[in-house]
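The values are calculated or read from the model by the stated rules, or taken from the named source; none is laboratory data. Given the structure is predicted, the values throughout are model-derived calculations rather than measurements. With ideal geometry, Cβ positions are generated from the backbone for all residues, glycine too; neighbour counts draw on all protein chains shown. Ligands, DNA and RNA are excluded from the accessible area calculation, which covers all protein heavy atoms including side chains. Shrake-Rupley method; radii C 1.70, N 1.55, O 1.52, S 1.80 Å.
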Amino acid sequence: MNGLSFDIAHLLAGGLVVVSMMMLYQDRLYALLNVFALHSLLLTLSVAWQALIQDAPHLYVTAAIALLFKVIVIPMVLHRMIRQLGIHREIETVVGIGPTMLAGICLVALAMVVMLRVTPQANPLAREDLAFALSVLLLGLLVMVTRRNAVSQVVGFMSLENGLVLAATGARGMPLVVEISVAFSILVAFIVIGVFLFRIRERFDTVDVRALDDFKGRRRK
């Protein structure tokens, strides 16, 4: 692999980490969905580039699935969903943006140190892509645990899954049947989550997850 191919692969994977950090900074749902679409677009480009440099045509299927569902379908559906739910407002966070960003930086540093140390004999491109992928995964998890709004937690879950796809493609791809089954699993999970959000809205007139905690507390008394 020549130096240019290596650099482009790292640029795309590193871009995913940067956009994951941008998700932590967003405080409005529409902005968060737009950043997630950008995140998924970078994933699409990264997977397509891996398909080219690895000479793995089946990865183009993964890139096409990411482009169709994560760049186009899911953001459009979520935009429509938040309009129907009437929740286009600021996202409430568990902690402030500043501490969240600091925690994100620490998680990225941790992912880099851990992954580069436990894979010293691996292919340089694969081990560094895995470090980026672990960073994306941890940042997606951080989005989920620091946001009170259920829709933003769905976005965190989807970005977390982007990290898993990046890891799989960086580690010399995965079988096509696995890619398709994962895509359908994510689609089914998204549909279930959509139904769940509407049910929360109907029952509690909000999608703030604190309503569930309050309801649980009242039932215990």
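See the values below:
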| item | result |
| --- | --- |
| Failed condition for A31, given (1) in contact with a Lys or Arg (Cβ under 8 Å, 6 or more places away or on another chain); (2) surrounded by fewer than 20 Cβ atoms within 10 Å (Cβ to Cβ); (3) under 16 Å from S159 (Cα atoms) | (1) |
| Per-region count, the range 76-98, residues open to solvent by 80 Å² or more (accessible area, probe 1.4 Å), at pLDDT 80 or above and over 18 Å from the mean Cα position of the chain (by Cα) | 1 |
| Pair list, Cβ under 7 Å, 6 or more apart: the range 152-181 residue farther than 15 Å from A51 by Cβ and charged (D, E, K, R), other residue surrounded by fewer than 22 Cβ atoms within 10 Å (Cβ to Cβ) and at pLDDT below 80 | E161/I186 |
| Of residues in the range 114-140 being open to solvent by 30 Å² or more (accessible area, probe 1.4 Å), under 13 Å from G163 (Cα atoms) and aliphatic (A, V, I, L, M), the one modelled with the highest pLDDT | L138 |
| Residue pairs meeting the criteria (Cβ under 6 Å; at least 6 apart or on separate chains; first among the acidic types (D, E), in the range 116-138; second surrounded by 15 or more Cβ atoms within 10 Å (Cβ to Cβ)) | D129/A13; D129/G170 |
